[in-house]
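The values are calculated or read from the model by the stated rules, or taken from the named source; none is laboratory data. Only a predicted model underlies this, so the values are computations on that prediction, with no experimental measurement involved. No Cβ is skipped: glycine too gets one built from the backbone with ideal geometry, and neighbour counts run over all protein chains shown. Accessible surface areas use protein heavy atoms only, side chains included; no ligands, DNA or RNA. Shrake-Rupley method; radii C 1.70, N 1.55, O 1.52, S 1.80 Å.
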Amino acid sequence: MNIAKIFIPLFVSIFFSLSSHATGFQMPFSWAERENGSAAVIYTSDYDNDPKYFESEIGHSRSGQQGIYFRNYYVEDMNTCSYESSLPKNTTMIFSGQAVKMLSWCKKFSDTDRYYLELTPATERGDHYVINLFKVAILPIDIMYDNDTISFPVTGFTKAWNSAGGNAI
């Protein structure tokens with residue numbers, strides 16, 4: 001009877017803390033492992049067995065501002081969007097429970113006829129939030145995007161951020 005008092009609340013709390021946006025298999029590659037200013041997760045959705053690649057990279061905008069960019073594409077020869085676009089669309093991603101406005105556009109891989117989505121925070125406040133979250137987190141960050149929750153690695157982010165060159169002068 002004493003064991004039931006311990007385990008029943010534990011099981012109930014685990015049940016209610018599980019996200020309704022489930023993601024199946026996940027294989028992370030941290031910023032420290034890749035050493036190229038990027039990190040990634042290969043994952044499958046509970047509703048789609050085709051493996052996807054969710055990547056984040058530190059880069060520079062056309063205006064020279066250092067920022068964080070996200071890419072989403074299928075590992076196999078499939079497109080996540082259908083044509084290259086230069087005008088971004090608005091979407092939302094959720095980082096550790098906080099919704100962040102994002103800009104999203106379709107890009108073509110330079111070496112194939114495949115297309116992928118690229119995203120970046122739409123506002124300066126969102127950009128600062130995401131970058132600071134990656135800097136201070138000690139455990140992987142839960143990112144909700146496209147009905148999936150991806151446990152994204154943070155190890156090595158601060159070193160990668162500080163080594164990326166900063167804003168262009």
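Results for (1) within 24 Å of Met27 (Cβ to Cβ); (2) touching a helix residue (DSSP H, G or I) at 6+ places or on another chain (Cβ under 6 Å), shown as yes or no for each residue.
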residue: Lys101; (1), (2): no, yes
residue: Tyr116; (1), (2): yes, no
residue: Leu119; (1), (2): yes, no
residue: Glu124; (1), (2): no, no
residue: Phe152; (1), (2): yes, no
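Of all residues in the range 64-77, those that are under 13 Å from Ile42 (Cβ atoms) have Cβ atoms under 8 Å from Cβ atoms of residues that are part of a loop (DSSP other than H, G, I, E, B) and modelled with pLDDT under 85, 6 or more apart or on another chain, in Asn72/Thr80; Tyr73/Asn79; Tyr73/Thr80; Tyr74/Thr80.
Scoring Ile68 on the criteria (1) assigned to a loop (DSSP other than H, G, I, E, B); (2) open to solvent by less than 30 Å² (accessible area, probe 1.4 Å); (3) under 30 Å from Ile169 (Cα atoms); (4) not polar (S, T, N, Q) leaves a single failure, condition (1). Which one of Arg125, Arg114 is of a type in the set (Lys, Arg), at pLDDT 95 or above and within 25 Å of Ser86 (Cα to Cα)? The unique qualifying residue is Arg125. At pLDDT 90 or above, within 24 Å of Ile131 (Cβ to Cβ), of a type in the set (A, V, I, L, M, F, W, C) and open to solvent by less than 30 Å² (accessible area, probe 1.4 Å), is that true of Ile94? Spelling it out, it is not the case that Ile94 is at pLDDT 90 or above, within 24 Å of Ile131 (Cβ to Cβ), of a type in the set (A, V, I, L, M, F, W, C) and open to solvent by less than 30 Å² (accessible area, probe 1.4 Å).
If you go through the range 35-65 and pick out every residue that is among the basic types (Lys, Arg) and crowded, with 19+ Cβ neighbours inside 10 Å, you end up with 1.
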